Amino acid sequence: LQQGGLIVQEYASEIESDGEWSFMFFGSQYSHAVLKRPSPGDFRVQPHLGGTLIPADPGPSLIRQAAAIAAAVEADLLYARVDAIERAGQLLLMELELIEPDLFFTEHPQATARFADAFEELMAMKE
């Protein structure tokens, strides 16, 4: 701790069994999601650590829960990425990314147009 920070987070076995969701919101609108999974025997979902990700279609309930998490930020956001696991039908927030550079456009190419639309809307609000 003398040389840097530390984050302590509860171990969530759901990451190994079910994966971790990433929900992308542009403006306040849901755009798309991916499901990230670790390699067997690991818990880290990042591709550079052996994890994989796929485009995914979460159910309406999960999207509503992720939207409520993103809406808790009282600001006009261009985008937000809600990283969460599902536990007994409820989303458990792992991270709320507001400055994240990876919004998984490669997995959802149509999302680039939605992102551009959200950017135009935000700029119009600022005028």
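Considering only protein heavy atoms and a probe of 1.4 Å, how much of the accessible area of the chain is carbon and sulfur, as a whole percent? The partial results should precede the final answer.
Numbers: 4400 of 7960 Å².
Here carbon and sulfur together make up 55 percent of the probe-accessible area.
Once the Cα gyration tensor of the chain is found, what semi-axes does its equivalent ellipsoid get, as square roots of 5 times the eigenvalues, in whole Å, sorted largest first?
26, 17, 15
What is the distance in Å between the Cα centroid of the range 89-103 and that of the range 7-23?
If you average the Cα positions of each part, the centres end up 11 Å apart.
Restricting to DSSP loop positions (anything but H, G, I, E, B) with no more than 13 other Cβ atoms inside 10 Å of their own Cβ, which GluC sites (Glu not before Pro) remain in the range 1-55? Show your work: numbers first, answer last.
On the way: sites: 10, 14, 16, 20; in loops: 10.
Sparse-neighbourhood loop GluC sites (Glu not before Pro): 10.
So for the range 45-127, taking the charge dipole from beta-carbon charges (+1 Lys/Arg, -1 Asp/Glu), which of 51, 109, 88 sits furthest toward the positive end?
Positive-most Cα among the choices belongs to 88.
I'd like the Karplus ³J(HN,Hα) series for the range 59-72: coefficients 6.51, -1.76, 1.60, θ = phi - 60°, whole numbers in Hz, and an x wherever there's a Gly or Pro.
x, x, 5, 5, 4, 4, 5, 5, 4, 5, 5, 4, 5, 5
Which value in deg cm²/dmol, rounded to the nearest 500, describes the helix-derived mean residue ellipticity at 222 nm for the chain, given -39,500 (n - 2.57) per DSSP H run of n ≥ 4 and division by the residue count? The partial results should precede the final answer.
Working: 3 runs with 32 residues, N = 127.
For the chain, the value works out to -7500 deg cm²/dmol.
So how do 32, 48 rank on accessible area, 1.4 Å probe, biggest first, that is with the largest at the start?
So, going from the largest accessible area down, we get 48, 32.
What are the residues whose amide H is under 5 Å from the amide H of residue 31, where those residues sit 5 or more places off or on another chain and H is modelled from the backbone?
Long-range HN contacts for residue 31: 24, 25, 26.
Using 1/(1 + (r/R0)^6) with R0 = 35 angstrom and r between the beta carbons of residue 10 and residue 122, what's the FRET efficiency to the nearest 0.05? Working shown, then result.
Values: r = 35 Å, r/R0 = 0.99.
FRET efficiency, residue 10 to residue 122: 0.50.
Skipping prolines and chain starts, which residues have an amide H placed within reach, meaning under 5 Å, of the one on residue 107, given they are 5 or more residues away or on another chain?
The answer is none.
Kindly state, to the nearest 0.05, the FRET efficiency for residue 78 paired with residue 106, given R0 = 22 Å and r defined as their beta-carbon distance.
Once the sixth-power term is evaluated, E becomes 0.70.
Let me make sure I get this right: for the range 50-108, a, b and c are the square roots of the gyration tensor eigenvalues over alpha carbons, sorted descending. Under 1.5 in a/c it's rounded, otherwise prolate if a/b > b/c, else oblate. Which is it?
Oblate, since a/c reaches 1.5 and b/c is not below a/b.
Per residue, how large is the accessible surface of the chain? Use a 1.4 angstrom probe and give square angstrom.
On the way: 7960 Å² over 127 residues.
So the chain comes to 63 Å² accessible per residue, rounded to a whole number.
Could you give the angle, 0 to 90 degrees to the nearest 10, between helix 111-126's Cα long axis and the longest principal axis of the Cα atoms of the chain?
Its long axis makes an angle of about 50 degrees.
The values are calculated or read from the model by the stated rules, or taken from the named source; none is laboratory data. Everything numeric in this text was worked out from a predicted model, so none of it was measured. Glycine gets a Cβ as well: all are built from the backbone with ideal geometry, and neighbour counts include every protein chain shown. Accessible surface is based on the protein model in full, side chains and every heavy atom, while ligands, DNA and RNA are left aside. Shrake-Rupley method; radii C 1.70, N 1.55, O 1.52, S 1.80 Å.
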